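Participant: Supplied in structure tokens, the structure appears directly below.
The values are calculated or read from the model by the stated rules, or taken from the named source; none is laboratory data. Keep in mind that this is a model prediction, so the values were computed, not measured. Note that each Cβ is placed from the backbone with ideal geometry, even for glycine, and that neighbours are counted across all protein chains shown.
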Amino acid sequence: MSLRTQSGPYFGSFGGRFVPESLIAALDELDAAYEAAKADPSFAAELAELHRSYTGRPSIITEAPRFAATAGGARIFLKREDLNHTGSHKINNVLGQALLAKRLGKSRIIAETGAGQHGVASATAAALFGLECVVYMGEVDTERQALNVARMKLLGAEVVPVTTGSRTLKDAINEALRDWVANVESTHYLLGTVAGPHPFPAMVRDFHSVIGTEARAQMLEMTGRLPDVIAACVGGGSNAMGIFHPFLDDESVRLVGLEAAGDGVDTLFHAATISKGRPGVLHGARSLMLQDEDGQTMESHSISAGLDYPGVGPEHAWLDEIGRAEYRGVTDREAMDALRLLSRTEGIIPAIETAHALHGALQLARELGPEGIVLVNLSGRGDKDMETAARYFGLLDAQEAADAAVMESERGAAAQGSTAPEDAR
């Protein structure tokens, strides 16, 4: 049986729909609308045209020979999702769901965001389609991703800092779900990853599978064969599923997800859900999650806001269980070293999330040797992470560092205030 035919609600024992009764009708409505859209050639044509004329697809593939040379092993290729409009893979899913929201007659979309890239993409789609947009973002993330907060506000979105719990992505999803329960008639929840209740895991995967579909044809044209390994970072797991899915039935292609190991998977400060998690229910689905002895969700940690999540999409948990994909941890230090290395060898500054996959690619290239080919999903660009990188690498002198600290503090305070002047809302 083809692994690509799996569409939920369950992937093995993972997935399902564990939500309040008040959301069942909305999820049924969304599921029906999505199935109808898949059967409608005009929907696919409209989305494809948006990707061509707005997103900038197909995204190119770039070989990274100087980066690969540092590993002394296989060739490394980069699928350049960082070159998409808004700077990451997130726009692929957002445009698809925004079209569905319009079909459903919704006037308002809500979204969660960690690194801010999904929030920016959601705000972008809302502006394009004339929809109201509210983005929930953990207070910690509004501070470390202040640039993306400003981008969302400029696009007309309301950004709501979440001050409960760990004040990161998990808590932003909690608040978005509460909003959806209260406003389900007018609102579509534009979930940004392959987690959550059915039909989100399969739907988000499908909208992102354009990444792998393009990459498959591009690699055959460029190298005459499929890659030996595909590497992608994994938080919730949307960019990874997008590039993995079209290759699931190609047994010769290894699929490797790189999780955020933070300070190390043997410490309490990481977000390596597959490596260290246990089955449980989080945000409406059964999957692997970080939890304590009593089954309570544990706080995750990563220098990367987009990977700082204690759960993972159910299809990833299933692929790990059946052995079709493998998952490894990458520490903060390893990711930041890979970020700097790609910047200095290829002139490409990746997002910190993506840097986890780049470190994994170097390891895999060494393992494969010179005849191997590694394809990395370069899921986002690093503009949003410049302050974090500058502080981490000590790139600012004392006065610049002091000025940057003041500016960050002011932006953090502003992020908790009004999103725009009254006449601009």
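Participant: Restricting to region 343-372, count the residues that are in a loop (DSSP other than H, G, I, E, B) and crowded, with 24+ Cβ neighbours inside 10 Å.
Facilitator: 1
Participant: Among the residues of region 74-99 satisfying the criterion of being surrounded by fewer than 21 Cβ atoms within 10 Å (Cβ to Cβ) and of a type outside the set (Lys, Arg), which is farthest from residue 213 (Cα to Cα)?
Facilitator: This residue is 99.
Participant: When both residues are 6+ apart or on different chains and their Cβ atoms are under 7 Å apart, which pairs have a first residue that lies in region 4-32 and is modelled with pLDDT of 95 or more, and a second that is among the polar types (S, T, N, Q)?
Facilitator: 14/287
Participant: Still on this structure, please answer the following. So, residue 168, is that one more than 19 Å from residue 33 (Cα to Cα), at pLDDT below 95 and under 17 Å from the mean Cα position of the chain (by Cα) or not? Steps first, please.
Facilitator: Values: more than 19 Å from residue 33 (Cα to Cα): yes; at pLDDT below 95: yes; under 17 Å from the mean Cα position of the chain (by Cα): yes.
Criteria met by residue 168.
Participant: Among the hydroxyl-bearing types (Ser, Thr, Tyr), under 20 Å from residue 373 (Cα atoms) and modelled with pLDDT of 95 or more - does that describe any residue in region 177-198?
Facilitator: Looking for residues that are among the hydroxyl-bearing types (Ser, Thr, Tyr), under 20 Å from residue 373 (Cα atoms) and modelled with pLDDT of 95 or more, one finds none in region 177-198, hence no.
Participant: Can you tell me which of (1) in contact with a strand residue (DSSP E or B) (Cβ under 8 Å, 6 or more places away or on another chain); (2) more than 20 Å from residue 43 (Cβ to Cβ); (3) touching a residue at least 12 places away in the same chain (Cβ under 8 Å); (4) of a type outside the set (Gly, Ala, Ser) is the one residue 109 doesn't meet?
Facilitator: Only one criterion in (1) in contact with a strand residue (DSSP E or B) (Cβ under 8 Å, 6 or more places away or on another chain); (2) more than 20 Å from residue 43 (Cβ to Cβ); (3) touching a residue at least 12 places away in the same chain (Cβ under 8 Å); (4) of a type outside the set (Gly, Ala, Ser) is unmet by residue 109, namely (2).
Participant: So in region 225-234, with the set limited to residues that are in contact with a strand residue (DSSP E or B) (Cβ under 7 Å, 6 or more places away or on another chain) and not charged (D, E, K, R), which one is farthest from residue 191 (Cα to Cα)?
Facilitator: Out of the qualifying residues, it is 227.
Participant: Another question about this same structure. How many of the residues making up region 209-235 are surrounded by 22 or more Cβ atoms within 10 Å (Cβ to Cβ) and touching an Asp or Glu at 6+ places or on another chain (Cβ under 9 Å)?
Facilitator: Here the count works out to 5.
Participant: With respect to residue 53, is the statement that it is free of Cβ contacts under 8 Å to residues at least 12 places away in the same chain, outside any loop (DSSP other than H, G, I, E, B) and farther than 26 Å from residue 226 by Cα true?
Facilitator: Here the answer is yes, as residue 53 does meet what is asked.
Participant: Moving to a separate point now. Could we say that residue 375 is more than 23 Å from residue 147 (Cβ to Cβ) and either without any contact (Cβ under 8 Å) to a residue 24 or more places away in the chain or outside any helix (DSSP H, G or I) (or both) here?
Facilitator: yes
Participant: Looking at region 282-299, is at least one residue under 17 Å from the mean Cα position of the chain (by Cα) and more than 19 Å from residue 10 (Cβ to Cβ)?
Facilitator: The answer is no; no qualifying residue exists.
Participant: Okay, moving on. From the set of residues in region 161-190 that are touching an Asp or Glu at 6+ places or on another chain (Cβ under 7 Å) and hydrophobic (A, V, I, L, M, F, W, C), which is farthest from residue 282 (Cα to Cα)?
Facilitator: 162
Participant: Further question on the same structure: In region 264-273, how many residues are surrounded by fewer than 24 Cβ atoms within 10 Å (Cβ to Cβ) and out of contact with any Ser or Thr (no Cβ under 7 Å at 6 or more places or on another chain)?
Facilitator: Result for region 264-273: 4.
Participant: Does region 276-286 contain any residue that is in a loop (DSSP other than H, G, I, E, B) and within 30 Å of residue 63 (Cβ to Cβ)?
Facilitator: no
Participant: Right, something else. Kindly state which strands (runs of 3 or more DSSP E) lie completely within region 94-194 and contain at least 2 residues that are within 30 Å of residue 270 (Cα to Cα) and among the β-branched types (Val, Ile, Thr). Quick ask: steps written out before the conclusion?
Facilitator: Values: elements: 108-113, 132-138, 158-162, 187-189.
Ranges flagged: 108-113, 132-138, 158-162.
Participant: How many residues does region 211-267 hold that are of a type outside the set (Val, Ile, Thr), without any contact (Cβ under 8 Å) to a residue 12 or more places away in the chain and in a loop (DSSP other than H, G, I, E, B)? Break it down stepwise before answering.
Facilitator: As a first pass, look at region 211-267 and keep what is of a type outside the set (Val, Ile, Thr): 212, 214-222, 224-228, 231-233, 235-242, 244-252, 254-255, 257-264, 266.
Among the residues that remain, those that are also without any contact (Cβ under 8 Å) to a residue 12 or more places away in the chain are: 217, 220-221, 224, 251, 266.
Keeping just the survivors that are in a loop (DSSP other than H, G, I, E, B) gives 224, 251, 266.
Selection size over region 211-267: 3.
Participant: Continuing with this model, one more query. I'd like to verify a number: residues in region 284-321 that are of a type in the set (Gly, Ala, Ser), surrounded by fewer than 24 Cβ atoms within 10 Å (Cβ to Cβ) and either touching a Lys or Arg at 6+ places or on another chain (Cβ under 7 Å) or closer than 18 Å to residue 196 by Cα (or both), how many? If you could, list the steps in order and put the result at the bottom.
Facilitator: If we filter region 284-321 for residues that are of a type in the set (Gly, Ala, Ser), which is where we start, we get 284-285, 287, 295, 300, 302, 304-306, 311, 313, 317.
If we keep only those that are surrounded by fewer than 24 Cβ atoms within 10 Å (Cβ to Cβ) too, we end up with 284, 295.
Narrowing the set further to residues that are either touching a Lys or Arg at 6+ places or on another chain (Cβ under 7 Å) or closer than 18 Å to residue 196 by Cα (or both) leaves 284.
Of the residues in region 284-321, 1 are of a type in the set (Gly, Ala, Ser), surrounded by fewer than 24 Cβ atoms within 10 Å (Cβ to Cβ) and either touching a Lys or Arg at 6+ places or on another chain (Cβ under 7 Å) or closer than 18 Å to residue 196 by Cα (or both).
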